[in-house]
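What follows is a short report on a single structure.
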Amino acid sequence: MLADTVTFALPKGRLIEPSLNLLADLGLPTFDIKEDSRSLLFEFSEQGLRYIICRPTDVPAYVEHGAADLGIVGKDIIVEQGKDVFEMVDLGFGYCRFVVAVPAQMKDISLEELSYRRVATKFPNVAAEFFRQQGLQVDIVKLHGNIELAPLMGISDMIVDIVSTGRTLAENNLVELVQIMESTARLIVNRISYRVKYHKLQPLIDRIRYLVKNGEVRQ
């Protein structure tokens, strides 16, 4: 953790463009930062800024362990990982939602009938907590990709996944049975940084809150 530098952890993928737009709207330098660049570390020494470009699932770890002071990451990842960070601002972009989805032929099944069945997911903690709150017991199968294939191949009876439009579900003959929670991008902060660098971080956080409150955050 550099005392005179503010370091942001930024996520690759669909959140990178709105994240860079947000930084630019704050008046922070973003030139030459590209997701497909071989460089994953961008330094702007004159402004006392650094950007780390990493996988979205790694952002909370970089922030929790102090490699980054601030990070932008989806609420879905925050909930699943439960890292020890401050969640400061709902940025509003990157909307998606957690859902339980089943094969179309099961569209009329009740939630209670899913007890003692198998659920495939990339988010085992979210899935386990949801079904626990419903008083249901399920067998969780953790996968890292192509979750929609699991019911088709007989690996599971249902899935828990994040969706935005629902198009991928429909293409794989799956239907949304119940929504678990909604997710948008959040600004997170390292707990120690927030105390040690308060004079630098709080003005940034306040400006971000102002942009969000006034609907000036580009999607």
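The values are calculated or read from the model by the stated rules, or taken from the named source; none is laboratory data. Predicted model, so just to flag it, every value in this text is computed and none were measured. Cβ placement follows ideal geometry from the backbone for every residue including glycine, while neighbour counts extend to all protein chains displayed. Each accessible area value is taken on the protein alone, full model and side chains, heavy atoms only, with ligands, DNA and RNA left out. Shrake-Rupley method; radii C 1.70, N 1.55, O 1.52, S 1.80 Å.
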Checked pairs for the range 195-214, first exposed (fewer than 13 other Cβ atoms within 10 Å of the Cβ), second assigned to a helix (DSSP H, G or I), C-beta under 9 Å and 6 or more apart or across chains, list as none
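Residue by residue, here is whether (1) under 24 Å from K200 (Cα atoms); (2) modelled with pLDDT of 95 or more; (3) in contact with a Lys or Arg (Cβ under 8 Å, 6 or more places away or on another chain); (4) surrounded by fewer than 17 Cβ atoms within 10 Å (Cβ to Cβ) holds:
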residue: L26; (1), (2), (3), (4): yes, no, yes, yes
residue: F31; (1), (2), (3), (4): yes, no, no, yes
residue: S45; (1), (2), (3), (4): yes, no, no, yes
residue: D69; (1), (2), (3), (4): yes, yes, yes, no
residue: V73; (1), (2), (3), (4): yes, yes, yes, no
residue: D84; (1), (2), (3), (4): yes, yes, yes, yes
Filter result for S110 (among the hydroxyl-bearing types (S, T, Y) and surrounded by 12 or more Cβ atoms within 10 Å (Cβ to Cβ)) | no
For the range 160-194 the number of residues that are of a type in the set (K, R) and within 25 Å of R209 (Cβ to Cβ) is 2
For the range 3-22, pairs from a residue that is touching a residue at least 40 places away in the same chain (Cβ under 8 Å) and among the aromatic types (F, W, Y) to a residue that is assigned to a helix (DSSP H, G or I) and crowded, with 21+ Cβ neighbours inside 10 Å, with Cβ under 9 Å and 6 or more apart or across chains, are F8/S19
Only one of N146, N173, N125 is touching a Pro at 6+ places or on another chain (Cβ under 9 Å), of a type outside the set (A, V, I, L, M, F, W, C) and open to solvent by 50 Å² or more (accessible area, probe 1.4 Å), namely N173
- Task: Kindly indicate whether any position in the range 95-113 is of a type in the set (G, A, S), out of contact with any Asp or Glu (no Cβ under 8 Å at 6 or more places or on another chain) and in contact (Cβ under 8 Å) with a residue 40 or more places away in the chain.
- Result: yes
Filter the range 149-165 for residues that are among the polar types (S, T, N, Q) and open to solvent by 40 Å² or more (accessible area, probe 1.4 Å); the one that is farthest from G94 (Cα to Cα) is T165
